[in-house]
Amino acid sequence: MNPEGGTMAKALIAAVVLALAGANAAAATQSPATVGELLDSGGKQLTGGEITKLFAGATIGGPALGQPDVKFQVKYLTNGTAGGEGSSAGGSTKLSGTWAGNQNNQYCQDLHTEQGMPIQGCFYYFTMGNRLFMAQTNGRSAPVLERQVTR
């Protein structure tokens, strides 16, 4: 790629980011960084039943936990199975497995990449307005990641 093309691509990306930020400006002026900030801003922790209802039939995506350069998008079926894709600059891989909301108010997953690498764990989910966030714990200092939900 020539330098001018790289500059144009960066300008286009910046324009898209600004446009998206403008579209979401009314929803929130700044994303919360922690569970405490989210709760103090009017956010609410979801129960296991609310998680099940929200996830069933939805496609949810965002950055991978601890790997912001890796993005995922997973479709959650009402029968407790899920399938999707994870991608990064290095390529992409299919994801599949099972999911559930539990009595401890957690979302739990048992997913695997097409190469067999497990992606397992239980997480907490929160809403703030029409936005969805996840955290590894529900402690006030736990960092949160925003998720995008489509149906």
* Which stretch or stretches of the stretch 110-147 have amide N atoms under 18 Å from the point lying 7 Å from N104's Cα along the Cα→Cβ direction? -> 110-111, 119-126, 134-143
* To do: List the aspartates and glutamates whose Cα lies under 13 Å from the Cα of K71, skipping any in the same chain that are fewer than 8 positions away.
  => E85, E146
* Between the stretch 26-75 and the stretch 113-145, the alpha-carbon center distance in angstrom -> 7 Å
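Round to the nearest 0.05 the FRET efficiency obtained for K53 and H112 when R0 = 22 Å and r is the Cβ-Cβ distance. Before the final figure, lay out the partial values.
On the way: r = 25 Å, r/R0 = 1.14.
Between K53 and H112 the formula returns 0.30.
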* Provide the packing ranking of 56-66, 92-102, i.e. peptides ordered by the mean count of other C-beta atoms within 10 Å per residue, highest first. => 92-102, 56-66
* State the Kirkwood hydrodynamic radius of the stretch 91-151 in Å, one decimal place, computed from all pairs of distinct Cα atoms. => 13.0 Å
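Read-outs throughout are calculated quantities, based only on the coordinates presented, and are distinct from any laboratory measurement. Not measured: the values here are computed from a predicted model. Glycine also receives a Cβ, built like all others from the backbone with ideal geometry; neighbour counts cover every protein chain displayed.
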